Amino acid sequence: MNLLIVVLLCVAALAFPFSVAATNLALGGALAAGVLSGAWWRGARQCWQNYKYLTIIICSYMLLIVAGLLWSLDPKWGLHVLGRQWFWMIIPVVVSVMANEKWRKLFLYALSLGLTLNLGYCLLQMYGYVHVTTTGSNAADATGHIGHIGFGFVYGIWAGWLLHLGLQWRGVSRWIAWALAAVSYVMIFSAQGRSGYLIAVVLIFCVLLKWIFDSKNWKAAVPVMAGFLLILLVIALGPGKERVHGTWQAFTQEHQLEGFDQLDSSDNAFIATQERFYMWKTSIKIWQQHPMLGVGTGGLPKAVADMKTAFHHSKEITITRPFSHPHNQYILNLTRWGPIGILVLLTLLVAWVWEGLKKDWQYSFTTPLFALSGLALALHALSSASMEEHFSAILASLLLAIAISAHNDDSDSGDCGV
């Protein structure tokens, strides 16, 4: 049965960048097989034994989602929100079956192959050879079926991990890893997701600084910082310049739209940022009306509908469509569950990242995935519902489980290759 689960997980990893339906079907099959075979229970026990504090916090977060149904303004939508959290249940299954180093590597091979093929697919999209109907994905914003919101998250983590592997490896393997990372960064900065820019830069910085700290090679600090400054220069002058500029203008309010028929990347970034500002303001106003417990799990869309006149018109932009989340996980938690929602989320993310950072990365190919996935979730949460989105949450939960599965495996060494 374990072999079947591994096959299903690898199919999910390979299909991940291309098909939400195929990924969910494979993961659902792995979860069902894991429960029936007992792998889920073994994995849950391992999580409790090895990462008790983190396990308690994750369970507390899930219980908060369930409890929030009791005071939800819209329990029916709350059940829909709850149903979208199912993928967190896959963690114990992965922890159990991926305790075998060979299978961990097979899974990461499948994921890397899928992401590599998707890079080629995005390049074809960029030059007009393929067309994608996914929202936020087109020739000018070539992000395949992932879309620009999750693209930087997915490839920011993968590229950061490849950077780490390149530091471990020697010879041709190092240059292949770094070449794939470089292509990933180019594609991230060519897309519209400003959150992806932030994730990519911070994770690069995290990997390089952690490598210096673990290796105690302080002389490497100069080239590392020089490389980081070069990355910032690429961002300032490269393909993401206009979008970053538009976002900055939205923060400073120094922008005037000439007309919606001649919008450039800077204008689109300005509009998108302004929309998020109004979503945030509206959500905070809703929370102020329910300061202790919030509107409950799933209560936000109904609360927004009740207050739609508050954000229909503004001096700079008009927002006419309702929203189910404010493109900010922190504000979403505050609105749903009050201060306790923010506290539980922050505790979870801090524990997640800290468990990864406190370990030595030098001699492991999976340990960095612990911190990189948690840190990416925390950053992505600033501009999205990162804990509930398909691409961000599923990838983060799978990578967390892969890292946990290697806890008692001394063979988890970068020298073995991936």
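Here are some notes:
- Gly150 meets each of the listed conditions (1) modelled with pLDDT of 90 or more; (2) buried (at least 23 other Cβ atoms within 10 Å of the Cβ); (3) out of contact with any Asp or Glu (no Cβ under 7 Å at 6 or more places or on another chain) apart from (3).
- Inside the stretch 283-298, residues that are part of a helix (DSSP H, G or I) and in contact with a Leu (Cβ under 9 Å, 6 or more places away or on another chain) make up a count of 4.
- Phe213 vs. criteria in a helix (DSSP H, G or I), farther than 23 Å from Asn328 by Cα and over 13 Å from the mean Cα position of the chain (by Cα): yes
- Residues located in the stretch 1-23, provided they are over 26 Å from the mean Cα position of the chain (by Cα) and either assigned to a helix (DSSP H, G or I) or within 13 Å of Met98 (Cβ to Cβ) (or both): Asn2, Leu3, Leu4
Let's see how each residue does on (1) under 12 Å from the mean Cα position of the chain (by Cα); (2) surrounded by fewer than 24 Cβ atoms within 10 Å (Cβ to Cβ); (3) more than 20 Å from Val20 (Cα to Cα); (4) polar (S, T, N, Q):
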| residue | (1), (2), (3), (4) |
| --- | --- |
| His145 | no, yes, no, no |
| Ala179 | no, yes, yes, no |
| Val183 | no, yes, yes, no |
| Val186 | no, yes, yes, no |
| Phe189 | no, yes, yes, no |
| Ser195 | yes, no, yes, yes |
| Ile199 | yes, no, yes, no |
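- Residue ranges of helices (runs of 4 or more DSSP H) in the stretch 300-418 with at least 2 members modelled with pLDDT under 95, buried (at least 17 other Cβ atoms within 10 Å of the Cβ) and hydroxyl-bearing (Ser, Thr, Tyr): 390-405
- Residue in the stretch 125-136 that is small (Gly, Ala, Ser) and part of a loop (DSSP other than H, G, I, E, B) present: yes
- With respect to the conditions (1) in a helix (DSSP H, G or I); (2) modelled with pLDDT of 65 or more; (3) in contact with an Asp or Glu (Cβ under 9 Å, 6 or more places away or on another chain); (4) not aromatic (Phe, Trp, Tyr), Gln192 falls short on a single one, namely (1).
- Restricting Ile56, Ile5 to those that are among the aliphatic types (A, V, I, L, M), without any contact (Cβ under 8 Å) to a residue 12 or more places away in the chain and more than 30 Å from Ala305 (Cα to Cα) reduces the list to Ile56.
- Residues in the stretch 44-66 that are within 23 Å of the chain's Cα centre (by Cα) and of a type in the set (S, T, N, Q): Thr55, Ser60.
The values are calculated or read from the model by the stated rules, or taken from the named source; none is laboratory data. As the structure is a computational prediction, the values presented were derived from the model and not from experiment. Here Cβ is always computed from backbone atoms with ideal geometry, including for glycine, and neighbour counts include all displayed protein chains.
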